[in-house]
Amino acid sequence: MTTNTMRAGDRVRATYAFAPVDHLVRAEFYIWDEALARWKTEGLPDDWQETNLFNYDPNGQFNTGVNLGWCEPAFLPYFEYKVLETHGDYEIVQDGAGRTIQIFKGRTHGFMPIYLKHAVTDMADWERVAQRLDPANPVRWEGLEDTVRRNKAAADAVGGILVQNMVGGYMYLRALMGPEDLMYIMYDAPAVLHAAMQGWLALADAALRRVQAVTPIDEIFLGEDICYNHGLLISPDSVREFLLPYYGQLLANARGRQTAPISFYIDTDGDCRPAIPLYAELGLTRMSPFEVASGCDVVEIARQYPHLVMSGGIDKRILAAGKDAIDAHLNHIMPFMCDRGGYYPTCDHGVPDDVSYENYLYYRQRVCEMDH
């Protein structure tokens with residue numbers, strides 16, 4: 001493993017510029033709590049974070065701290081979370097996005113909830129829900145300047161970048177209406193979708209205007225999840241009709257408020273390959289996490305898009321398969337991506353609990369041996 005010769009933020013900025021780095025950014029997508037619980041039974045020390053056992057870099061990118069949602073809309077207030085019914089191992093609950101869902105009791109990973117009802121089915125529903133996204137609500141902006149200044153100072157201390165995370169348009173619409181009903185509404189009542197996206201844009205733009213009055217930002221990062229294992233969940237024409245105009249306006253407004261450039265980052269699970277050229281129409285900078293099970297090969301995609309900053313692409317399933325499989329997989333990815341640059345080697349989604357502590361530790365050691 002190499003000694004760090006760059007500040008974390010400088011390494012991030014160099015990665016975005018495809019400039020030389022002391023080593024690739026050392027990070028992870030995330031680790032399931034269930035995996036950590038397993039690893040503790042297999043010898044993971046309690047102080048693994050304090051000792052930086054897995055050799056992650058310090059943070060080089062910082063969120064503004066302004067909540068614009070991620071997997072769900074940034075409601076204010078959120079719907080009350082409450083258990084509606086209990087049936088054996090299952091509960092039916094109302095969640096913070098106003099959805100009625102069936103879940104396993106006490107479990108947070110490893111399954112998809114059954115979605116029984118969503119908050120928006122028509123324009124009347126949207127008009128009621130829109131009140132929870134009203135940018136004129138002063139409570140939403142309480143403490144904003146102090147929060148943004150604090151996070152900007154933390155970024156500056158390591159030369160890092162300041163990022164505004166937000167729920168992407170597809171994820172937002174899906175959370176409001178559900179993936180199936182969204183498809184029907186798209187054809188039967190497109191005005192509802194446009195009204196909802198106008199609400200998305202109004203809130204996001206109001207937030208960015210307030211943030212940028214305090215400091216320039218470096219990146220807009222959308223949690224999108226618009227793909228599944230065979231490509232896009234909606235058609236390219238639908239992306240262009242219902243999403244890209246609002247993204248384009250948001251980016252144009254934000255870029256018009258400052259002279260420093262703003263990167264555009266999309267996160268989507270599944271086979272993202274059909275999505276890349278669509279977002280490239282707006283100047284896509286970075287994408288993640290390139291799920292291997294959905295056909296994504298970061299080496300192949302990197303050859304096709306040599307200027308795209310990429311995160312992920314390491315098959316989480318391989319980590320459960322043993323050291324030889326890990327070595328073969330990393331030997332395919334790491335030499336090429338190190339030479340190319342613009343790459344964060346992370347798993348292609350959360351590390352699950354079928355990965356042993358021994359295998360994950362080995363993987364981290366091998367990545368850090370190969371990342372420079």
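Of all residues in the range 131-148, those satisfying the criterion of being surrounded by 13 or more Cβ atoms within 10 Å (Cβ to Cβ) and part of a helix (DSSP H, G or I) are Arg132, Leu133, Arg140, Trp141, Leu144, Glu145, Thr147, Val148. Kindly evaluate Pro335 against the criterion of being surrounded by fewer than 17 Cβ atoms within 10 Å (Cβ to Cβ), modelled with pLDDT of 95 or more, of a type outside the set (Ser, Thr, Tyr) and under 20 Å from Phe264 (Cα atoms). So Pro335 does not fit the description; no. Taken over the range 106-146, the criterion of being within 26 Å of the chain's Cα centre (by Cα) and of a type in the set (Lys, Arg) is satisfied by Arg107, Lys117, Arg132, Arg140.
Take Asn67 and decide whether it is on the phi > 0 side of the Ramachandran plot and in the same structural domain as Tyr362 (by TED's automatic domain parsing). The answer is no for Asn67. Does the range 55-74 contain at least one residue that is crowded, with 16+ Cβ neighbours inside 10 Å, within 30 Å of Ala202 (Cβ to Cβ) and among the aromatic types (Phe, Trp, Tyr)? Looking for residues that are crowded, with 16+ Cβ neighbours inside 10 Å, within 30 Å of Ala202 (Cβ to Cβ) and among the aromatic types (Phe, Trp, Tyr), one finds at least one in the range 55-74, hence yes. Selection of the range 105-127 for residues being assigned to a loop (DSSP other than H, G, I, E, B) and at pLDDT 95 or above yields His118, Ala119, Val120, Thr121, Asp122. Filtered by the rule that a residue be in contact (Cβ under 8 Å) with a residue 60 or more places away in the chain and over 30 Å from Asn4 (Cα atoms), the range 38-66 gives Arg38, Val66. Of all residues in the range 28-64, those satisfying the criterion of being under 20 Å from Phe264 (Cα atoms) and part of a loop (DSSP other than H, G, I, E, B) are Phe29, Asn59, Gly60, Thr64. Counted as qualifying within the range 239-325 are the helices (runs of 4 or more DSSP H) with 1 or more residues that are of a type in the set (Ser, Thr, Tyr) and closer than 24 Å to Arg210 by Cβ, namely 244-256. May I ask you to list the residues in the range 280-319 that are more than 10 Å from Tyr265 (Cα to Cα), among the polar types (S, T, N, Q) and buried (at least 16 other Cβ atoms within 10 Å of the Cβ)? The answer is Ser294, Ser311. Considering only residues in the range 352-372 that are surrounded by fewer than 22 Cβ atoms within 10 Å (Cβ to Cβ) and hydrophobic (A, V, I, L, M, F, W, C), the one that is nearest to Glu42 (Cα to Cα) turns out to be Leu361. Just so you know, in the range 217-238 the residues that are assigned to a loop (DSSP other than H, G, I, E, B) and among the polar types (S, T, N, Q) include one that is modelled with the highest pLDDT, and it is Ser235. The condition of being over 30 Å from Arg257 (Cβ atoms) and out of contact with any Cys (no Cβ under 7 Å at 6 or more places or on another chain) holds for only one of Asp156, Asp146, Asp205, Asp188, that being Asp188.
Yes/no matrix, rows are residues, columns are (1) farther than 16 Å from Ala196 by Cβ; (2) assigned to a loop (DSSP other than H, G, I, E, B); (3) acidic (Asp, Glu):
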{"position": "Phe75", "(1), (2), (3)": "no, yes, no"}
{"position": "Glu80", "(1), (2), (3)": "yes, yes, yes"}
{"position": "Leu84", "(1), (2), (3)": "yes, no, no"}
{"position": "Ala97", "(1), (2), (3)": "no, yes, no"}
{"position": "Ile103", "(1), (2), (3)": "yes, no, no"}
{"position": "Val129", "(1), (2), (3)": "no, no, no"}
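Cβ-Cβ contacts under 7 Å between residues 6 or more apart (or on different chains), taken from a first residue in the range 244-261 that is free of Cβ contacts under 8 Å to residues at least 12 places away in the same chain to a second residue that is of a type in the set (A, V, I, L, M, F, W, C) and surrounded by 15 or more Cβ atoms within 10 Å (Cβ to Cβ), are listed as Arg255/Ile262. Based on this model, can you work out whether Gln61 counts as of a type in the set (S, T, N, Q) and under 30 Å from Arg209 (Cβ atoms)? In short, yes. Applying the condition of being touching a helix residue (DSSP H, G or I) at 6+ places or on another chain (Cβ under 8 Å) and surrounded by fewer than 18 Cβ atoms within 10 Å (Cβ to Cβ) to the range 20-30 and asking which residue is nearest to Gly106 (Cα to Cα) yields Asp22.
The values are calculated or read from the model by the stated rules, or taken from the named source; none is laboratory data. Remember, predicted model here, so these are calculated numbers, not experimental data. Here the Cβ is made from the backbone with ideal geometry for all residues, glycine too, and neighbour counts use every protein chain on show.
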